[in-house]
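Encoded as structure tokens, the structure appears first; notes follow it.
The values are calculated or read from the model by the stated rules, or taken from the named source; none is laboratory data. Please read these numbers as outputs of a predicted model, since none were measured by experiment. Here the Cβ positions follow ideal geometry from the backbone for every residue, glycine too, while neighbour counts run over all protein chains shown. Ligands, DNA and RNA are stripped out before the accessible areas are found, and what is left, the full protein with its side chains, is counted by its heavy atoms. Shrake-Rupley method; radii C 1.70, N 1.55, O 1.52, S 1.80 Å.
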Amino acid sequence: MPTSVNCPTCKKEVIWQASSEFRPFCSKRCQLIDLGEWSEENHTISTPLTPEQTLTPDTIEDIEALLAANQEGFFKE
Ligand SMILES: [Zn+2]
């Protein structure tokens, strides 16, 4: 009795075996869709601050340190 999983993208049953090349996905298409969503999510975190984040004194210090470091590099150029 082979083990089967459900494709994370389309929920289709996928038999867990060597020939199921894209397991746990049912197909390359579903695998790419999942990877695409994952990388899109990553792109949205390209800005240092998201609206969900609140500014704490630590965060502000970090930003100021980062800005100072960047300015230093800028003036050296
Ligand atoms: Zn699928």
What tally of residues in segment 6-21 results from selecting those that are within 11 Å of the ligand (Cβ to nearest atom) and farther than 13 Å from Q31 by Cβ?
3
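Rundown of residues vs (1) modelled with pLDDT under 85; (2) open to solvent by 70 Å² or more (accessible area, probe 1.4 Å), yes/no style:
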| site | (1), (2) |
| --- | --- |
| N6 | no, yes |
| C10 | no, no |
| A18 | no, yes |
| R23 | no, yes |
| Q31 | no, no |
| W38 | yes, yes |
| T47 | yes, yes |
| D62 | yes, yes |
| F74 | yes, yes |
